[in-house]
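Nothing in this text is a laboratory measurement; each read-out follows from the coordinates by a stated rule. As the structure is a computational prediction, the values presented were derived from the model and not from experiment. Note that we place each Cβ from the backbone using ideal geometry, even for glycine, and neighbour counts take in every protein chain shown.
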Amino acid sequence: MRNDTHFMSELFRIVNGALRLDIDKVRNYTAFLADKLEKSGDEVSALRLRRMLEENDLQLRPAGTTFEKTLPVDSESRFPLVERVNLKAISEPPVLLSQDQWDVLNEFLSVTRSHAQVDTTRVSTSLSLLMYGPPGTGKSRLARHISQELSLDLYIARLDGLISSFLGSTSKNIRALFDFASKTPCILFLDEFDAIAKLRGDGQELGELKRVVNSFIQNLDTLGTQSIVIAATNHHELLDSAIWRRFSYRLALDYPPADLRQKMWKQFVRPLEFTVREMALLTDLSEGFTGSDIQEVCLRLQRRWLTTNKTPSLKEALPILQNIAMGEGEDRRFLARLRGKDEHAIAAFLRERDAKLYSHSALADLLGVSKATAHRWVKGVKTDARRRPFATT
Ligand SMILES: Nc1ncnc2c1ncn2[C@@H]1O[C@H](COP(=O)(O)OP(=O)(O)O)[C@@H](O)[C@H]1O
Ligand SMILES: [Mg+2]
C-alpha cells in the first residue's frame, strides 16, 4: 500500500461533503476512494467501504434499486444533461499525435495528476482543456484517452441539447452540470462547445448571452481540483475570447501531416498487409484526410478482405479513397479534385506531383494497367525537380 497521504484529498472531500450534508458528494467520493484503494492493493479496505455504501444505500432508497449517481437534468424537460461513457466496454487502438501535441497533452496530464492531490480547503484554480480542430481529428477519442489516463469517469454533455431550451434555463443547466461535477470525481466533457457562442447568431439578446457566458466562466473558475473540464469544438473562431482565455490548456488538432498519416495507416490497416511502397502511396494519396477518414477507408478495405481473403490491390483502394475524399474539407484533398477525370489525366497529375513516388510501376499498380501503358500516359509530363518532403523510404 502506498503512503496514506495519497488518499488524503479524497478524505478531505468526503468530510467536506458530510459537513455540508451533501450525501451525493460523500457517496461519490467514497466510491472513488474505494477504487483507488483497490488499485493500490488494499482490497480489504475497498470492500469495506463498498459494503458501507451498499448498506446505507438500502436504508435510503426503496429496496431493489441499486446505487446510481444522480445525473443532472434539464430544468424544463428533465432529460439528463450528461451521459456516462462506459470505457470498460471499449478497446481502441492508441491515439496518434504529433510531438507538439503530445507535449501539451502530457503537461496537462501531469499537472492534473498532481493537482488532484491538493487539499480542497486551499484556494486553487480548476484545470481545463480546450481541444479544437476539424471533425474527425480525434477530439472525442482524446477525451476517452485522458479519462483512462487519469482513471476518472467520463461524462459527455452535449451543449446543443443544453442550450436548445430557453436561455433562462441554460444558466440553470450550466449550474446543474457543474454542481454535478463538483460532487463527482469526473471528467466533464463539453462536446460541440461552440454552441455556447452560436447563440449570438440566433438573434438572442446579447445581454442574455453574456449572462450565459459569465455563468459558464464563473462555474469553470470555481469547480475545484478533482474534476476537470474538457471542451471540444470544430469552430473555435466562434468562441468568445473571454471563454477562450479561461481554459488552462488549449490543444489544436489538425489534418495530420504525412508522417502521422503513415502511422495511422499502419495502425488502422491491420491485419491487411501492404508493401512499403504501397503504404507510401496510400500516405500521399490521403493528403488532407483526418484520422477518422483513414480509419473509414481501412474499414472498407477490411470488409473486402473478409469476403475475398486477400489484401485488396491499390487499384481497388483508389475508388474508396476518392469516395472518402469528397465532402467537408475536400479542397485540401487533391484526390477530390481528380473526381471524374480519366485514368490518363490522373496518371499525368500524379506523375507531376511526385515523379519518384509515382513511378511507372506504381502508376501501373494504382490504375491497373501495364507499365508500358503507364509510361505512355505520362510521357512528356513536366516533372518538378523539387522533391516532395515525404519520400518513399
Ligand atoms: N489522432 C488520432 N489518433 C488515433 N485515432 C484517431 C485520431 N484522429 C481520429 N482518430 C480515429 O477516428 C475516430 C473518430 O474521431 P473523433 O475522436 O470522433 O473525432 P472528433 O471528435 O475530432 O470529430 C476516432 O475514434 C479514432 O478511431
Ligand atoms: Mg467528436
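General observations
- Our note on the geometry: Cα centres of the range 12-42 and the range 236-314, 41 Å apart.
- A cut-off under 14 angstrom between Cβ atoms defines the neighbours of residue 77, and their net charge, with Lys, Arg +1 and Asp, Glu -1, is 0.
- Its relative contact order, with pairs defined as Cα atoms under 8 Å and 6+ residues apart, puts the chain at 15 percent.
- Put in line by how crowded their Cβ is, counting other Cβ atoms within 10 Å and starting with the fewest, 184, 283 read 283, 184.
- The range 4-60: relative contact order as a whole-number percent, Cα under 8 Å and 6+ apart: 25 percent
- Each of residue 47 and residue 179 was given a label point 7 Å from its Cα along the Cα-to-Cβ line. The distance between the two points is 3.8 nm.
- Taking a Cβ cut-off of under 13 Å around residue 109, the surrounding Lys, Arg, Asp and Glu residues balance to a net charge of -2, with basic ones at +1 and acidic ones at -1.
- Structure remark: mean-square fluctuation, Gaussian network model of the chain, C-alpha springs under 10 Å; the largest value among 217, 90, 187 belongs to 90.
- Residue-count net charge about residue 323 - beta-carbon cut-off 15 Å; Lys, Arg +1, Asp, Glu -1: +3
- Ellipticity at 222 nm from helices only: DSSP H runs of n ≥ 4 in the chain, each -39500 (n - 2.57), divided by the residue count, give -16500 deg cm²/dmol.
- Percent of alpha-carbon pairs separated by more than 25 Å within the range 82-252: 29 percent
- Under-5 Å amide H pairs with residue 186, H placed in peptide plane, nonlocal only: 227, 228
- For the range 244-393, alpha-carbon Rg and Dmax in angstrom: 16.5, 61
- Three-way shape call for the range 4-60 based on the alpha-carbon gyration tensor, with the a/c threshold at 1.5: oblate
- Volume per residue that the Cα convex hull of the chain spans, once the total is divided by residue count, Å³: 197 Å³
- Structure remark: mean-square fluctuation, Gaussian network model of the chain, C-alpha springs under 10 Å; the largest value among 155, 255, 358 belongs to 358.
- Each residue in 273, 208 was given a count of other beta-carbon atoms within 10 angstrom of its own, and listing them fewest first yields 273, 208.
- Across the range 258-378, C-alpha contacts under 8 Å between residues 6 or more apart give a mean separation that, scaled by the residue count, equals a relative contact order of 23 percent.
- Within the listed set 263, 39, 210, the Gaussian network model of the chain (springs between alpha-carbon atoms below 10 Å) gives the highest mean-square fluctuation for 39.
- Candidate lysines - alpha carbon under 19 Å from residue 25, same-chain residues fewer than 8 apart omitted: 36, 69, 183
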